[in-house]
Amino acid sequence: MESINIGLAGLGTVAQGFLEIFGQKKRVLSDKLGRELKIAKVASRSQKVDLEEFGAIFSTELSSLVEDPAIDVVIELIGGEQDALGLISAALKKNKHVVTANKEVIAKHGNSFRGEIDSGQLRFEAAVAGAIPILQGIGVGMVANDFSSITGIVNGTSNYILSNMSIEAASFEESLKQAQKLGFAEADPGFDVDGIDAAHKLTILMALAYGQPFSFDKVVTEGISHITSSDIQYASELGFAIKPVAVVRRSEDTLAAMVYPALVGFDRILSRVNGVMNAVEVESDYAGRLFFSGPGAGSLATASAVVSDLGLIARNQGSVYPSLMGTEKLGVSYPDQSTSCCYLRFDVVDEKGIFARITGALSDSGISIDEVFQKNRDGGRASIVMITHPAREKDLEDCLSNVGKFGELLQPIQRIRVLS
Ligand code: HSE
């Protein structure tokens, strides 16, 4: 049986998951793929895992993987940006195949590999939505389709945090700490809670679905750290869960891509995707609406997608990457002209006339209210909570910046979009 020699870079969470799967399934995988899989070398800062059972040579030098002519596939699981970028780039230039889980490098530097890919394939299924084979699904399984929208929950940590705040009535900080303990969170938690990690993943989905260059700088990103337990409670009373969504919509020749926390109606499956689970809902012309769901982070779940890419290389399946190498076919616009319904919370001094002033200002800006209630709180304070009818982003922003100056307001106005 012809063999494939693997060079593994990194010994972190996903790499350890990869070694665990490899240890348990090496024989089965080799039989299934018709190629003998062998881990020839492992490069990492320190050897924190016993490699004896794999017969792999250990090195602290990443370059040793690239320089070794016997290595066919480099699996990049070191994370971070610059070292990983250098490794991927050097390996491709040596015509090695590369498998990576590195969403940041692909989203930000994916276009730069254009001139570096020759006979080597670059695969990154594990970079988006963990275990879900979404890149295969969109890039191959649905290749006949045009996509009107892709809506995902693609950051397990922020989904875990908002779910935990809702189900366990835990605070934002407690929930983040728990996610970090479970190994889901990025080294810099800002990547998770500020929506950057989800924006990396949305960039990759967008490139694959629309055959576009990677356009990370065009994704509008809003984090979840301003969401409070009260918002989760009020949204629930109105029939919604609050979810960290990543959305790209096509309208004619333009794409609008955005990551934000959204109210999602309890009638949508997406509202019930909880914890570290990810999901991607795809609207397409021939296949209709498809819903993919599964664990979006974690050692073994993410490593499962790494092994899947390795399997495609072993089977000599062509990469989807060349289709991304074209020039931009669709413009990517900022979504400030779009319309959406919004959840608004105004924390005010409970004084006569404030309710009328707020609703009057909204009405003067042409913004109509769908549902509204007021909760009185201790100390003469009140929360006025509402859902608007669809309003233009810009109109609402202008109106709220005016209302934000009212003296009765105790806190900045909370605005959360409703997912349409
Ligand atoms: N921090 C990421 C998440 C890990 O929580 O989804 C998987 O990409």
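The numbers here are math on the coordinates, done by the rules we state, and not lab data. Since this is a predicted model, take the numbers as computed values, not measurements. All Cβ positions, even for glycine, are placed from backbone atoms using ideal geometry, and neighbour counts span all protein chains on display.
General observations
- Beta bridges per DSSP with both ends in the chain, % antiparallel, nearest 5: 65 percent
- On the beta carbon distance between Gln411 and Gln24, with R0 = 51 Å, the FRET formula returns roughly 0.45.
- Figure legend: label point modelled 7 angstrom from the Cα of Asp364 along Cα→Cβ; residues of the range 370-400 with amide N under 16 Å from it are 395-400.
- Amide H to amide H distances under 5 Å link Ser148 with Glu283, Ser284, Asp285, where only residues 5 or more positions off or on other chains count and H is placed in the peptide plane.
- Note, ³J(HN,Hα) from phi for the range 382-394, Karplus 6.51, -1.76, 1.60, rounded to Hz, x at Gly and Pro: 8, 10, 9, 10, 8, 10, 8, 6, x, 9, 5, 3, 5
- For Glu222, residues with placed amide H under 5 Å, excluding near neighbours: Val259, Tyr260
- Angstrom value of the Kirkwood radius, inverse mean 1/r, which spans all Cα pairs in the chain: 22.9 Å
- Summary value for the range 339-418: 50 percent relative contact order, contacts being C-alpha pairs under 8 angstrom separated by 6+ residues.
- Sequence-separation-based contact order of the chain, relative, with Cα cut under 8 Å and 6+ spacing, percent: 16 percent
- Net charge over other residues, Cβ less than 9 angstrom from the Cβ of Glu408 (K, R count +1; D, E count -1): -1
- Label-point separation, Arg381 to Ser112 (7 Å along Cα→Cβ), nm: 4.7 nm
- GNM result for the chain, Cα springs below 10 Å: residue of Ala301, Ala314, Ala287 fluctuating most strongly: Ala287
- The phi-based Karplus calculation (6.51 cos²θ - 1.76 cosθ + 1.60; θ = phi - 60°) puts the 3J(HN,Hα) values of the range 216-228 at 4, 5, 9, 7, 7, 10, 10, x, 10, 6, 8, 6, 10 Hz, whole numbers, x for Gly and Pro.
- Over the Cα atoms of the range 145-268, the radius of gyration divided by the Kirkwood radius equals 1.00; this is the Rg/Rh ratio.
- The range 3-123 - percent relative contact order, Cα under 8 Å, separation 6 or more: 26 percent
- In this simple spin-label approximation, Val220 and Lys48 carry label points 7 Å from Cα along the Cα→Cβ vector, and these lie 4.0 nm apart.
- Residues with amide H under 5 Å from that of Ile369, placed H, sequence gap 5 or more: His389
- Rg/Rh for the range 339-418, where both radii come from Cα atoms and Rh is the Kirkwood radius: 0.94
- Each other residue within a Cβ distance under 15 Å of Ser30 adds +1 if Lys or Arg and -1 if Asp or Glu, for a net charge of +3.
- Placing unit charges on the Cβ atoms only, positive for Lys and Arg and negative for Asp and Glu, gives the chain a dipole magnitude near 560 debye about its Cα centre.
- Report note on the peptides 117-129, 35-47, 192-204: ranked by the mean count of other C-beta atoms within 10 Å, highest first, their order is 192-204, 117-129, 35-47.
- Calculated mean residue ellipticity at 222 nm for the chain: -9500 deg cm²/dmol, from DSSP H runs with n ≥ 4 weighted as -39500 (n - 2.57), summed, divided by the residue count and rounded to 500.
- For the range 32-49, 3J(HN,Hα) per residue [Karplus equation, 6.51 cos²θ - 1.76 cosθ + 1.60, θ = phi - 60°, Hz, x = Gly/Pro]: 5, 8, x, 9, 6, 9, 9, 8, 7, 8, 10, 10, 7, 4, 9, 8, 8, 10
- Euclidean distance between Cα centres, the range 368-420 to the range 150-220, Å: 26 Å
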